[in-house]
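**Q** Here it is, the structure, as structure tokens.
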Amino acid sequence: MADIKSLIAEFEKVALNPAKSAAELKKETGKKLIGMFPYHLPEEIVYAAGMLPVGMWGGQTEIKLSNKYLQSFCCSMIKANFEMGMNKTYQKVLDGVVMAAYCDTLKCICEDWKVAVTDMPLIAMYYPQNRKIAAAIDYMGAEFKKAQEQLEAIAGKKVTEADLEAAWEVYEAYRAESRKFVKLVAKMPKTLNATVRHLVIKAAWFMDKKVYTEKLAALNAAIEAAPAEEFNGKKVLVEGIMVEPIALLDAFVENDVCIIGDDLSHQSRMFRIEGRKEGTVYEKMAYRIADAYADPLLLDEKKEHGKELIDMVKEYGADGVVVCAMKFCDPEEYDYPIFKEELEAANIPVLYMEIEQQMESVGQYKTRIQAFAETLA
Amino acid sequence: MYFLGVDIGSSSSKAAIIDENKNILVRVARNIGTGTNGPTLVINQALEEVGITRDQINFTVATGYGRVTFTQADKQITEISCHGKGVAHLVPGAHTIIDIGGQDAKVIRLNDKGNVDNFLMNEKCAAGTGRFLEVMARILNCGLEDLSGLAKESTEEIEISNTCTVFAESEVISQLAQGTAKADVAQGANNSITSRVAGLARRIGITPVVVMTGGVAKNDAVVRCMEKQIGYDITVAPDPQTVGALGAALFALETFNKK
């Protein structure tokens with residue numbers, strides 16, 4: 001147990017202080033850091049170029065400058081990212097930024113950034129809507145090649161196929177260990193409560209993935225060796241882009257609600273797809289996007305998000321689903337009415353909460369989470 | 001045996017005491033809420049009216065916005081569950097509860113057994129809550145309790161288009177400056193608040209019997225307005241402001257019996 005606690009403390013320290021952690025990472029490794037907007041971006045190429053990808057998932061900052069470009073109905077997380085680009089917070093540690101034009105806000109940012117944040121190189125990615133067809137795989141390969149050339153310019157280093165293969169292996173190992181971790185939460189739902197679970201996963205964004213994977217493997221092994229915890233609370237699956245601020249996660253803990261599984265962009269959507277074994281690294285990277293499911297940011301013409309959520313609820317043994325909809329996230333809002341009906345038809349209780357990253361008070365959310373837990377009793 | 005329920009809201013405190021047979025011995029409310037001596041005042045008043053002392057209470061449940069910081073309770077349960085419990089006790093067959101309090105509004109769906117099946121709350125702003133009516137009463141220079149009577153005198157329908165309470169205040173001042181009758185403004189405020197909450201109700205699905213609780217349910221003009229908006233008759237729970245406290249007392253009895 002001591003091992004588990006001390007390993008968790010390491011992850012918590014990193015995840016609770018992203019700016020400090022990124023600065024330390026840069027100092028300790030001497031490597032350049034590349035900021036990665038949400039998500040499905042070619043991290044492997046950044047890693048292969050001898051640089052380290054760092055997560056850009058908003059943060060607690062006051063929105064002042066970005067209002068010049070983004071209206072009040074834009075997603076708070078992306079606004080925070082743009083704000084920290086405009087107020088030079090990112091310039092302290094980052095050497096470049098990669099983003100993809102998934103939604104209307106991101107499409108604008110891909111252009112706005114070039115004008116408003118001129119001292120930070122931007123690599124903009126454009127992915128195809130019809131991501132599963134053969135031409136899409138070729139097209140994504142061309143996008144990766146273009147990104148690679150821009151990243152090589154920042155790194156001052158040419159990337160070889162061997163570099164890419166090695167980076168791919170590092171990332172596949174990270175993803176496999178992360179998949180294992182989310183499953184192990186069921187064994188220790190008290191120790192790996194909602195907040196701890198979030199911080200352990202989040203820490204990956206501010207560490208060298210190889211180092212993170214080694215530490216996560218140690219944590220997983222310690223959990224496997226420990227006795228299972230008895231838990232009488234409720235188990236829920238959370239859906240959305242991400243769940244923050246931390247006070248919101250604490251509300252789950254206070255009410256004995258375990259996040260037993262997730263369908264979050266910030267968590268499982270990043271690592272639940274295992275890469276294919278055949279093909280070039282570019283092809284394998286492209287197929288991870290083509291094979292992704294239950295992901296509102298990627299086109300799903302069959303609209304199977306609801307069915308996939310129902311499968312996840314069964315797989316994790318969840319008592320219900322908590323939808324944490326990032327305010328003004330159009331892709332999420334389009335999916336919700338469809339899967340809500342399907343979940344209700346399957347008699348799966350659903351709690352819908354519209355959240356913002358910069359929420360100052362979570363009192364009403366605490367009431368909703370507690371009331372939801374009471375209805376599940 | 002005695003069981004106490006305390007509902008500590010944002011703008012009022014309520015208490016209810018029942019006996020082991022679910023007989024309601026007292027229900028009291030005062031218009032001062034969390035962070036004040038309101039809870040102590042209503043508890044003392046309730047105890048006095050029943051003629052018992054605090055140590056004769058077998059179990060206490062706190063609910064409402066201030067439930068977490070109220071340390072004298074044996075257990076705390078959300079106002080959503082407590083309103084569900086209170087309504088199921090008072091109005092058999094109820095399936096939809098519309099509760100408009102001082103700071104928030106909720107729509108609660110009950111199943112056939114009277115248990116909470118689903119619920120929705122308003123977002124964090126004060127639109128569609130009692131606070132909106134408080135602001136309107138102040139501008140109209142009348143008491144909150146006089147708003148209902150005033151609205152009934154309305155002869156012309158006006159629309160308050162701003163849903164935000166702060167902007168609506170400016171809008172109403174402009175209306176009054178242009179000579180709009182106070183009664184029409186009062187009715188406009190009722191339309192505004194009820195259209196917000198009716199939207200919540202439609203999202204969750206309305207099944208009769210529909211019951212209104214919370215302090216705002218005492219405003220008859222708002223209730224009639226809500227009926228028009230949702231297209232269903234509404235039963236106002238007896239003493240609607242203290243339904244949450246009653247539900248808390250019923251939970252206190254239930255929890256005590258399970259021990």
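The values are calculated or read from the model by the stated rules, or taken from the named source; none is laboratory data. What you are looking at is a predicted structure, and each value in this text was computed from that prediction instead of being measured. Here Cβ is always computed from backbone atoms with ideal geometry, including for glycine, and neighbour counts include all displayed protein chains. For the accessible areas, the whole protein counts, side chains as well, though only heavy atoms, and no ligand, DNA or RNA atoms are used. Shrake-Rupley method; radii C 1.70, N 1.55, O 1.52, S 1.80 Å.
**Q** Would you mind checking A:183/A:366; B:85/B:113; A:307/A:340 for any pair whose Cα atoms are more than 19 angstrom apart? Numbers along the way, then the final one.
**A** Numbers: A:183/A:366 26 Å; B:85/B:113 10 Å; A:307/A:340 11 Å.
Violating the 19 Å limit, Cα to Cα: A:183/A:366.
**Q** Where the eigenvalues come from the Cα gyration tensor of the range B:105-234, what are the semi-axes √(5λ) of the equivalent ellipsoid, largest first, in whole Å?
**A** On the way: eigenvalues 151, 43, 29 Å².
Value: 27, 15, 12 Å, ordered largest first.
**Q** Quick one: which of A:235/B:258; A:235/A:302; A:26/A:114; A:64/A:327; A:79/A:277 span more than 27 angstrom between C-alpha atoms? Please report the intermediate quantities before stating the final value.
**A** Details: A:235/B:258 23 Å; A:235/A:302 29 Å; A:26/A:114 24 Å; A:64/A:327 18 Å; A:79/A:277 38 Å.
Correct reply: A:235/A:302; A:79/A:277.
**Q** Let me ask you something else. Buried accessible area for the B:A pair, summed, 1.4 Å probe, in Å² rounded to 100? Numbers along the way, then the final one.
**A** Working: alone 11560 and 15660 Å², together 25820 Å².
Its buried surface, counting both partners, is about 1400 Å².
**Q** By its C-alpha gyration tensor, with a ≥ b ≥ c as the square roots of the eigenvalues, how is chain A shaped: rounded for a/c under 1.5, else prolate for a/b larger than b/c, else oblate? It would help to have the intermediate numbers written out before the result.
**A** Values: a/c = 1.40, a/b = 1.31, b/c = 1.07.
Taking the square roots of the gyration eigenvalues as a ≥ b ≥ c, chain A is rounded.
**Q** Along the charge dipole of the range A:233-377, pointing to its positive end and built from +1/-1 on Cβ of Lys, Arg, Asp and Glu, which listed residue (A:296, A:279, A:363) has its Cα farthest out?
**A** Of the listed residues, the answer is A:279.
**Q** What's the average, rounded to a whole number, of partner chain beta-carbon atoms within 10 Å of each residue's beta-carbon in B:76-86? Provide the component values of the computation, followed by the final result.
**A** Details: counts 1, 3, 11, 3, 7, 6, 2, 0, 3, 0, 0.
For peptide B:76-86, the averaged partner shielding equals 3.
**Q** By DSSP, what percent of the beta bridges with both residues in chain B are antiparallel, rounded to the nearest 5?
**A** On the way: 23 of 38 bridges.
DSSP beta bridges in chain B are roughly 60 percent antiparallel.
**Q** To continue, here is another question. Run the helix sum for chain A: -39,500 (n - 2.57) per DSSP H stretch of 4+ residues, divided by residue count, reported at 222 nm to the nearest 500 deg cm²/dmol.
**A** -16500 deg cm²/dmol
**Q** Per-residue accessible area for residue A:293 at 1.4 Å probe radius, Å² rounded to 10?
**A** Roughly 90 Å² of residue A:293 is accessible to a 1.4 Å probe.
**Q** Step by step: find N for the protein assembly as shown, compute 2.2 N^0.38 Å, then divide the Cα radius of gyration by it. What's the final number?
**A** Against the compact-globule rule of thumb, the ratio is 1.08.
**Q** Ok, one more. Largest first, how would A:108, B:82 line up by accessible area (1.4 Å probe)?
**A** If we order A:108, B:82 from most to least accessible, we get A:108, B:82.
**Q** Rounded if a/c is under 1.5, else prolate if a/b is larger than b/c, else oblate: which is the range B:144-204, with a ≥ b ≥ c the root eigenvalues of its Cα gyration tensor?
**A** Values: a/c = 2.14, a/b = 1.41, b/c = 1.52.
Oblate.
**Q** I would also like to ask the following. If you keep only loop residues by DSSP, which GluC sites (Glu not before Pro) in the range A:20-106 have at most 11 other Cβ atoms within 10 Å of their Cβ? Intermediate values should be presented prior to the final figure.
**A** Working: sites: A:24, A:28, A:43, A:44, A:62, A:83; in loops: A:62.
When the GluC sites (Glu not before Pro) of the range A:20-106 are filtered for loop state and at most 11 Cβ neighbours within 10 Å, A:62 remain.
**Q** OK, next. Provide the gained length on full extension for the span residue A:146 to residue A:211, in nm with one decimal, where the gain is 0.36 nm per separating residue minus the Cα-Cα distance. Kindly include the intermediate steps, with their values, before the conclusion.
**A** Values: separation 65, 0.36 × 65 = 23.40 nm, distance 2.82 nm.
Answer, rounded to one decimal: 20.6 nm.
**Q** The range A:39-77 to the range B:83-143: how many Å between their Cα centroids?
**A** 40 Å
**Q** Right, something else. Looking only at the range A:280-301, which residues have a backbone nitrogen under 12 Å from a spot 7 Å from the Cα of residue A:311 in the C-beta direction?
**A** A:292-295
**Q** Could you pull out every residue, at least 5 positions away or on a different chain, whose amide H is within less than 5 Å of the one on residue A:32? Hs are placed 1.01 Å off N in the peptide plane, and Pro or chain starts have none.
**A** For residue A:32, whose amide H was placed from the backbone, the distant partners under 5 Å are A:52.
**Q** What is the distance in Å between the Cα centres of the range A:221-272 and the range B:51-73?
**A** With the range A:221-272 and the range B:51-73 each reduced to a Cα centre, they are spaced 32 Å.
**Q** Can you give the mean number of other chain Cβ atoms that lie within 10 Å of the Cβ atoms in peptide A:368-374?
**A** Working: counts 6, 1, 8, 12, 5, 2, 10.
Going residue by residue through A:368-374 and averaging, the value is 6.
**Q** If you don't mind, there's one more thing I want to ask. Principal axis lengths of the range B:80-138 from Cα atoms, whole Å, largest first?
**A** The principal-axis extents, from largest down, are 41, 21, 14 Å.
**Q** Can you tell me what share of the DSSP beta bridges in the protein assembly as shown is antiparallel? A percent to the nearest 5 is fine. It would help to have the intermediate numbers written out before the result.
**A** Working: 23 of 68 bridges.
Antiparallel: roughly 35 percent of the beta bridges in the protein assembly as shown.
**Q** Gap in Å between the Cα centre of the range A:79-96 and the Cα centre of the range B:193-259?
**A** Value for the Cα centre distance between the two parts: 48 Å.
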